[in-house]
Amino acid sequence: MNALSHTQGRRDRPLLTTTIGVAFDDAVARYAERDALLVRHQQARFSWAQLGAAVERCALGLLALGLERGDRLGIWAPNCAEWCILQFASAKVGAVLVNVNPAYRVGELEYVLKQAGCRWMVCAEAFKTSDYHAMVLELLPELAGSTPGELRSDLLPQLQGVVSLADRPPAGFLSWAGLQALGEGVDTQRLARRQAELEPDQPINIQYTSGTTGFPKGATLSHRNILNNGYMVGESLGLTERDRLVIPVPLYHCFGMVMGNLGCLTHGSTMIYPAAAFDPEATLAAVAEERASVLYGVPTMFIALLDHPRRASHDLSGLRSGIMAGATCPIEVMRRVIEELHMGEVQIAYGMTETSPVSLQTGADDDLELRVTRVGRTQPHLESKIVGPDGQTLPRGEVGELCTRGYSVMLGYWNDPKATEAAIDADGWMHTGDLAQMDEAGYVSIVGRSKDMIIRGGENIYPRELEEFFFTHPAVADVQVIGIPDEKYGEEIVAWIKFHPGHDASETELRDWSRARIAHFKTPRYFKVVDEFPMTVTGKVQKFRMREISIAELASEPRTAS
């Protein structure tokens, strides 16, 4: 009889038993003069000692705002130095950092601020086509006439104010420099006392994940969750204070702020941000000019780097390792990453926000086939199992739902006990919703997604959320959303639309309407107008038939859409 699909990770390295703030202070003391943070698009460079001073100034400012342990603090910005500083400063004062997706629009911003109950938010001035100031003022018109910190909003009664990263923000906003100035009047001993009160199991971060119910859920993570996950990922990579890690992935995801920032923090490695968002030319230049040894990315990013016309002009020979995550990697891409980017030790990582994020990871010496057909073995101090519909652990080789248990499992969904109970069972197992199988050596492969989740360029998208959104369009009577394979992004979104009688809308109108209201990565690339959906005899929609039809039609009649 085959062994059961249940494994435990190694336990030869003990878990960290401290808070992020204490770990940060230890890094500052230990690596003071070494490079800590290089933000190339801002021309900002910090040693660990300089970063320590910047974080302390910010933390004192947060205390001056009146933030207490457990208060929620939103951050709505692309990758920048202030994001990193705020991450560590909020951890030192015990404020729960709420990551707001930079692509969010007004409706999504309102939902997150309200659901998390944020007391303050820090926002950038603008990013790409998003004017953050304008959207904040649309949501909170009272802000323009209020003194910073004295906002009174019926819509968001808990929100006291907004800090802007702009040099000269509009009236009502507190500037970033103003926040630092407020901290000058706070005794540093007050910060020391606050930090000493914090415990590793207290919540410190909320990250919103797309929900099958149509609303994002706030995965609530503790110091212990994310500090240890960053540490263990870094241990697998063999990070040291001599490593320099290029982080082109977004900080609002665990990939950036946990695997990137906290992985570097726990090993004294250098954090390098090439640009505000992924830019292949900027990433290549950062690797070459900063003598980077490690690089992170999703497969689409690595494809863009490999195919960049000026790649050969950059010296990438300093690279040795990195992580590819977010989607399955084609074997040819992995081969080219190893050979052409010199990343012989590149690893695959699998996880989800709810598990801080990594629960499975390949090793530096795993062969090429393992790195493209598996997502790794169970990480240290964690357990993995694969269960059938009855909840029983399956024999090795059989397909079932992947479950994870251990230090990395979130505290729960913020203010949503019902969703938490549905995700984490009574024995502490996080049910991922992913269909997987485990081989005799304990390596796991992902074979499907039981919840129809679409992964586009590393972004998780749930069809149900989009379907409920399109139902709000006045012309739409019914809608079904599916994902189809795409060479560049892994998957693309197709929306099948039925209109109300006498109503109509062009693809361009639907796309423009969508882009104005939801994040760009959720906007379908393709629309198909139909009178009926493929159905079973019992009246259930056959999404697999829709997928087959869409793939066939797009293959025979290429369509252009952006």
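At-a-glance table
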| item | result |
| --- | --- |
| Residue identified as assigned to a helix (DSSP H, G or I) and within 20 Å of the chain's Cα centre (by Cα) among T432, T420, T404 | T420 |
| Meets criteria (in contact with a Ser or Thr (Cβ under 6 Å, 6 or more places away or on another chain), part of a helix (DSSP H, G or I) and modelled with pLDDT of 90 or more) for S550 | no |
| Residues located in the range 306-338, provided they are at pLDDT 95 or above and not hydrophobic (A, V, I, L, M, F, W, C) | R310, R311, S313, H314, D315, S317, G318, R320, S321, G322 |
| Filter result for G457 (in contact with a Phe, Trp or Tyr (Cβ under 6 Å, 6 or more places away or on another chain), closer than 26 Å to D279 by Cβ and in contact (Cβ under 8 Å) with a residue 12 or more places away in the chain) | yes |
| Count of the range 271-284 residues which are hydrophobic (A, V, I, L, M, F, W, C) and either in contact with a Gly (Cβ under 6 Å, 6 or more places away or on another chain) or open to solvent by 10 Å² or more (accessible area, probe 1.4 Å) (or both) | 5 |
| Any hit, the range 203-219, residues being in contact with a Gly (Cβ under 6 Å, 6 or more places away or on another chain), polar (S, T, N, Q) and either open to solvent by less than 40 Å² (accessible area, probe 1.4 Å) or at pLDDT below 95 (or both) | no |
| Residue match in the range 171-191 (condition: of a type in the set (G, A, S), touching a Ser or Thr at 6+ places or on another chain (Cβ under 8 Å) and in contact (Cβ under 8 Å) with a residue 12 or more places away in the chain) | yes |
| Pairs, first free of Cβ contacts under 8 Å to residues at least 12 places away in the same chain in the range 134-163, second open to solvent by 70 Å² or more (accessible area, probe 1.4 Å) and part of a helix (DSSP H, G or I), C-beta under 9 Å, six or more apart | R152/E142; D154/E142 |
| Selected residue [free of Cβ contacts under 8 Å to residues at least 60 places away in the same chain and either on the phi > 0 side of the Ramachandran plot or of a type in the set (A, V, I, L, M) (or both)] from I85, I20, I75 | I85 |
| Inter-residue pairs, beta-carbon under 7 Å, first in contact (Cβ under 8 Å) with a residue 12 or more places away in the chain and in the range 479-505, second polar (S, T, N, Q) and in a strand (DSSP E or B), 6+ apart | W496/Q480 |
| Single residue of the range 106-136 satisfying the filter (more than 17 Å from the chain's Cα centre (by Cα) and among the charged types (D, E, K, R)) that is farthest from Y273 (Cα to Cα) | K114 |
| Residue in the range 158-168 that is in a loop (DSSP other than H, G, I, E, B), under 23 Å from N99 (Cβ atoms), modelled with pLDDT of 95 or more and open to solvent by 70 Å² or more (accessible area, probe 1.4 Å) present | yes |
| Test for E33: is it touching a Gly at 6+ places or on another chain (Cβ under 9 Å) and of a type in the set (D, E) | no |
| Within the range 435-476, strands (runs of 3 or more DSSP E) holding 3 or more residues that are within 19 Å of V387 (Cβ to Cβ) | 444-449 |
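Quick grid of which residues meet (1) open to solvent by less than 20 Å² (accessible area, probe 1.4 Å); (2) within 17 Å of R244 (Cβ to Cβ); (3) touching a Phe, Trp or Tyr at 6+ places or on another chain (Cβ under 9 Å); (4) among the hydrophobic types (A, V, I, L, M, F, W, C):
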{"position": "R291", "(1), (2), (3), (4)": "no, yes, no, no"}
{"position": "G297", "(1), (2), (3), (4)": "yes, yes, yes, no"}
{"position": "D315", "(1), (2), (3), (4)": "no, yes, no, no"}
{"position": "C329", "(1), (2), (3), (4)": "yes, no, yes, yes"}
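This table checks each residue for (1) more than 19 Å from C254 (Cβ to Cβ); (2) open to solvent by less than 40 Å² (accessible area, probe 1.4 Å); (3) of a type in the set (S, T, N, Q); (4) modelled with pLDDT under 95.
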position	(1), (2), (3), (4)
V387	yes, yes, no, no
T404	no, yes, yes, no
S408	no, yes, yes, no
W414	no, no, no, no
P417	yes, no, no, no
D427	yes, no, no, no
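Residues are listed down the side, and each one gets a yes or a no for (1) without any contact (Cβ under 8 Å) to a residue 24 or more places away in the chain; (2) in contact with a Lys or Arg (Cβ under 8 Å, 6 or more places away or on another chain); (3) open to solvent by 10 Å² or more (accessible area, probe 1.4 Å):
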| residue | (1), (2), (3) |
| --- | --- |
| S222 | no, no, no |
| M232 | no, yes, no |
| V246 | no, no, no |
| Y252 | no, no, yes |
| L262 | no, no, no |
| S269 | no, yes, no |
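The values are calculated or read from the model by the stated rules, or taken from the named source; none is laboratory data. Just so we're clear, the structure is a prediction, and the values are computed from it rather than from any experiment. Note: ideal-geometry Cβ built from the backbone for every residue, glycine included; neighbour counts use all protein chains shown. Only protein heavy atoms, including side chains, enter the accessible area calculation; ligands, DNA and RNA are left aside. Shrake-Rupley method; radii C 1.70, N 1.55, O 1.52, S 1.80 Å.
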